[in-house]
Amino acid sequence: MEQIVMAGFEGFENAGLVKGPQEKATEKFITEYRHGKEDNPMADFIYSSMLSIARNIDVQNSRGREISRNMTSLLGYIQQLETMYEGVDDDQELSDLLQEAAR
């Protein structure tokens, strides 16, 4: 999605946005997970969706709301990625990261 920025306000697109713990953890996971893998439009879509869900989880947590549906969606995307890249990378560190994210 293209973001429109008014002239004179460049660099303020994300002003006031605070990244919560789930979004930070998801960004870290994505960075580590995509390392060494070929670009893939479907994976890019999944990464973007994962970040959106992570932001929602942080907002819901801050308001004391229930997050299980969003966590299920986030973990479902991780499973889709595993299937998409199955056998491509048998890295133990990556495997440990996936297991940690699934908790």
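The values are calculated or read from the model by the stated rules, or taken from the named source; none is laboratory data. Because the structure is predicted, anything quoted here is derived from the model rather than measured. Here the Cβ is made from the backbone with ideal geometry for all residues, glycine too, and neighbour counts use every protein chain on show. We work out accessible area using only protein heavy atoms, side chains counted, and drop any ligands, DNA or RNA first. Shrake-Rupley method; radii C 1.70, N 1.55, O 1.52, S 1.80 Å.
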Among the listed residues Arg65, Arg103, identify the single one that is at pLDDT below 95 and within 16 Å of Pro21 (Cβ to Cβ).
Arg103
How do the pairs read when you match residues in segment 37-48 that are under 18 Å from Thr26 (Cα atoms) and at pLDDT 90 or above with residues anywhere that are of a type in the set (S, T, N, Q) and not in a loop (DSSP other than H, G, I, E, B), using Cβ under 8 Å and keeping only pairs 6 or more apart or on different chains?
Ile46/Gln80
Scan segment 26-71 for residues that are in a loop (DSSP other than H, G, I, E, B), closer than 18 Å to Glu86 by Cβ and open to solvent by 70 Å² or more (accessible area, probe 1.4 Å) and report the count.
4
Within segment 19-28, can one find any residue that is at pLDDT below 95 and hydrophobic (A, V, I, L, M, F, W, C)?
no
